[in-house]
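Read through the structure below, which is laid out as structure tokens, and then see the notes.
The values are calculated or read from the model by the stated rules, or taken from the named source; none is laboratory data. Keep in mind it's a predicted model, so treat the numbers as computed, not measured. Cβ atoms come from the backbone with ideal geometry, glycine included; neighbour counts cover every protein chain shown. Surface accessibility is based on the protein's heavy atoms, side chains included, excluding ligands, DNA and RNA. Shrake-Rupley method; radii C 1.70, N 1.55, O 1.52, S 1.80 Å.
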Amino acid sequence: MQKTFIKTENLSYRYDDELNSFPALKNVSVEIYEGEFVAILGHNGSGKSTLAKLLNMILIPTDGKIYIDGKDITDENMTDADLMDLRKKVGMVFQNPDNQLVATRVEDDVAFGPENLGIKSEDIRVRVDEALKYVGMYEYAKHEPHRLSGGQKQRVAIAGIIAMMPKCIIFDESTAMLDPVGRRDVMDAIIKLNREKNITVVMITHYMEEAALADRIVVLDDGKKLMEGTPAEVFAREAELVECGLSVPQCTELVHMLARDGYKLDGDCVTLDECADLLEELLSKGKKDV
Ligand code: ADP
Ligand code: MG
């Protein structure tokens, strides 16, 4: 039996000010299991960041429930200690690497989180070194963060979260501002954390190719949950995705086009490897009689 790590029930959030009231999230119920890698997909304004902020209590829901690791974090009796415990368990990495680094040396930046948790300084030293090695940034420990590339900065930000030893990390479009090399390095780090450290990963993205690497995808549209399923299940529904401003990975699109043109393909694909297998099979079979 899989253990639930995050569960939301009819979660809703409204941004309210004197003039306006905007419903950004509407009755969203999702369940994410321990050790799972879940991608949240949705076009701009669909409510992805709002959901992420609710899960980390940066925002408090207008309605609905959130359970993290079995605890009701929407309970009125949540104490400061409970909030601290939540922040320890669920780390967040944001989009802009420049907004997340505060210190003048990489290692001080990584130490910032565990320091706030009150960890002993000799333990912090060990955690910082390990975290930097983990993301391949150890040799930059004494460097100035602002001189690093975007991808390197994001990996330092991730190291800062790892050093707090969370059970779950939420990445809110953490690759969106990076060049292709930076994106790949950060994606590799995310996948490694999930597979090797069994850290539950919630990755918000608008890159279909990145979402295709997840165990499961949740699609948000206009603040509502539009669909959820494995990448294969979600990307099979290309027309609906296009309708809400999304697409499918390029290899999936290619295979769908070939199918529409009468080529008989055995199944679907969401990753390049799967695509290569399908095409190889197709080439050995030739075109279907139509
Ligand atoms: P996403 O991350 O999917 O792009 P957000 O969760 O940031 O979407 O925003 C969802 C909706 O809520 C958007 O329409 C956005 O304009 C609105 N919104 C976000 N932040 C605020 C805010 N502070 N005040 C008012 N409306 C907001
Ligand atoms: Mg966002």
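Structural remarks
- Taking a straight line from the alpha carbon of residue 264, these lysines sit under 27 Å away, with near neighbours fewer than eight places off in the same chain left out: 285, 287, 288.
- Annotation: amide H of residue 15 within the under-5 Å range of 22, 24, sequence separation 5 or more or interchain, hydrogens built in the peptide plane.
- For segment 71-182, the fraction of alpha-carbon pairs in successive 5 Å shells from zero, as %: 2, 13, 22, 23, 19, 11, 6, 4, 1, 0
- Think of the chain as a dipole: +1 on every Lys or Arg Cβ, -1 on every Asp or Glu Cβ, centred on the Cα centre; then among 256, 231, 116, 116 lies furthest on the positive end.
- Surface accessible to a 1.4 Å probe, residue 12 within the full protein complex, Å²: 20
- Calculated SAXS-style log₁₀ I(q)/I(0) at q = 0.12, 0.15 Å⁻¹ - the chain, Debye, Cα scatterers: -0.82, -1.17
- Estimated vicinal HN-Hα couplings, Hz - segment 72-84 in sequence order (Karplus 6.51, -1.76, 1.60; Gly, Pro = x): 7, 7, 8, 4, 4, 8, 4, 9, 4, 5, 5, 5, 4
- Couplings for segment 31-45, taken from phi via the Karplus curve 6.51 cos²θ - 1.76 cosθ + 1.60 with θ = phi - 60°, read 9, 10, 8, 4, x, 7, 10, 10, 9, 10, 10, x, 6, 3, x Hz in order; Gly and Pro are left as x.
- Here is the list for segment 17-80: GluC sites (Glu not before Pro) lying in DSSP coil, each with at most 12 other C-beta atoms within 10 angstrom of its C-beta, are 18, 76.
- In this rough spin-label picture, where each label sits 7 Å from Cα along the Cβ direction, the residue 129-residue 230 distance is 4.3 nm.
- When restricted to Cα atoms, segment 191-290 yields an Rg and a Dmax of 15.3, 50 Å, respectively.
- Normalised by the number of residues in the chain, the average gap of Cα pairs under 8 Å and 6 or more apart makes the relative contact order 21 percent.
- Proximal aspartates and glutamates relative to residue 197, as straight alpha-carbon distance under 15 Å, when same-chain residues fewer than 8 apart are discounted: 34, 36, 130, 188
- Computed from label points 7 Å out along Cα-Cβ, the spacing between residue 34 and residue 254 is 4.0 nm.
- Between residue 238 and residue 14, the C-beta separation translates, for a Förster distance of 51 Å, into a calculated FRET efficiency of about 0.95.
- Å² of accessible area per residue within segment 149-280, as computed with a 1.4 Å probe and no ligands counted: 44
- Residue 117 versus residue 80: modelled label distance in nm, points set 7 Å from Cα along the beta carbon direction: 1.9
- Protein accessible area in segment 197-282, 1.4 Å probe - carbon and sulfur %: 51
- Subset of 3/65; 65/89; 71/167; 53/142 violating a 20 Å alpha-carbon distance limit: 53/142
- Loop-located trypsin sites (Lys or Arg not before Pro) across segment 237-290 with a Cβ neighbour count of 14 or fewer within 10 Å are 264, 287, 288, with loop assigned by DSSP.
- Within the accessible area of segment 40-183 (1.4 Å probe), percent carbon and sulfur: 49
- Largest-first principal axis extents, alpha carbons of segment 187-231, Å: 34, 17, 16
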